[in-house]
Amino acid sequence: MVGIILASHGAFAEGIFQSGQMIFGEQPNVKPVTLMPSEGPDDIRAKMEEAIASFENQDEVLFLVDLWGGTPFNQASNLMNAQEDSKWAIVAGMNLPMVIEAYASRFSMESARDIAAHIIGEAKNGVKVMPEELQPKEEAAAPAAPAANQPTGAIPEGTVIGDGKIEYVLARIDTRLLHGQVATGWTKATKPNRIIVVSDNVANDELRKNLITQAAPPGVHANVVPIKKMIEVAKDPRFGDTKALLLFETPEDALRAIEGGVDIKTLNVGSMAHSEGKVAVNKVLSFNKEDVETFEKLKDLGIEFDVRKVPTDSKENMDNILNKAKQELGL
């Protein structure tokens, strides 16, 4: 696995390291390195050398630094140039989208230089402005010609696209719905082309709908639909090329969708906020009696549970969580 050093003037590297953990989970072979006001070039170089020595693979090291030409960059460059036939790489202008993309890229890339070349686009895409009219206009590329087997314009009812079935890359229960851990960590781990929030409540709330569609990561469409509409879409063969990440606000919403025919085999149980009448069963999940009963119904339907906040977390045992909830609720 490629080792990553996050290097900065001041504590910026430590802060972005913590932010990355919140969104993508704990990462092996990643070290934040800081140059504090009382320190000099030799100090940060020594910290970098110590970090590299801790990596499993010292042949593949990627430096993400805050500023091109600054002391962290210069010392990383000196270390890289001292390596014979170095495979290391340095990327300046570190931001959180860059860091998250570097983490995700390590699942499929084993070269520091391949990752360095890949993450630049994501770092640039992460710089946006609101209102959108302030965003600089880029020259539009010529539209690609449609594939020979793909219809253009409105697709007639009954048309079968692909195999006619939606591929559900993830179905997740999360009170917060679309937020950083989903837009980055889970999206990169599952690679959907569409995020669908399935909720009657949100579908009838224009403000929340707008916030969700605006939060979609680059290259992924986001939609908000009521449960009945999701059931209809799941049976429509025109959506056969869709790789969908489904988000449910509650287990009750997920149960209604599954009972209606949405072909979900596994539910990721990610976050359920605490409120009156609920008991906390771990740091991010709180259940009431109705939640417990709903999960028991889902279990009876053959649904499997993947209890994780972020992709890199270890899976928790749902039976143990339900038993704890029952004890706390006196069921």
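A short reminder: the numbers here are calculations on the coordinates, not readings from a lab. From a predicted model like this one, the values you see are computed outputs, not experimental measurements. Here Cβ is always computed from backbone atoms with ideal geometry, including for glycine, and neighbour counts include all displayed protein chains.
Observations on the structure shown:
- Helical contribution to [θ] at 222 nm, DSSP H n ≥ 4, -39,500 (n - 2.57), averaged over the chain, rounded to 500: -10500 deg cm²/dmol
- Inter-label distance, nm, simple model (7 Å from Cα along the C-beta direction), Asn193/Gln18: 4.0
- Between His179 and Ser86, the simple label model (points 7 Å from Cα in the Cβ direction) yields a spacing of 4.0 nm.
- Taking every DSSP bridge with both residues inside segment 167-329, close to 10 percent are antiparallel.
- A simple spin-label model places pseudo-atoms 7 Å from Cα toward Cβ; at Ala280 and Lys228 they are separated by 3.9 nm.
- Kirkwood Rh in Å, taken over all unlike Cα pairs in segment 3-126: 14.2
- Label selected from (1) 35, 20, 19; (2) 30, 23, 19; (3) 40, 27, 18, the criterion being semi-axes √(5λ) of the Cα gyration tensor in Å as computed here: (3)
- GNM flexibility winner over the chain from Pro131, Pro251, Pro72 (Cα, springs under 10 Å): Pro131
- Tilt relative to the chain, helix 289-300 - C-alpha long axis, 0 to 90 degrees, to 10: 90
- Reachable lysines from Lys283, criterion Cα separation under 16 angstrom, eight or more residues apart if same chain: Lys309, Lys315, Lys324
- Computed from the Cβ-Cβ distance with R0 of 22 Å, the FRET efficiency linking Glu259 to Ala215 stands at 0.15.
- Full extension of the chain between Leu67 and Glu293 yields a length gain of 76.0 nm, computed as 0.36 nm times the residue separation minus the alpha carbon distance.
- Set of lysines with alpha-carbon distance to Lys299 below 16 Å, sequence-local pairs under 8 removed: Lys265, Lys289, Lys326
- In segment 11-150, lysine pairs closer than 30 Å at Cα, eight or more apart or cross-chain: 9
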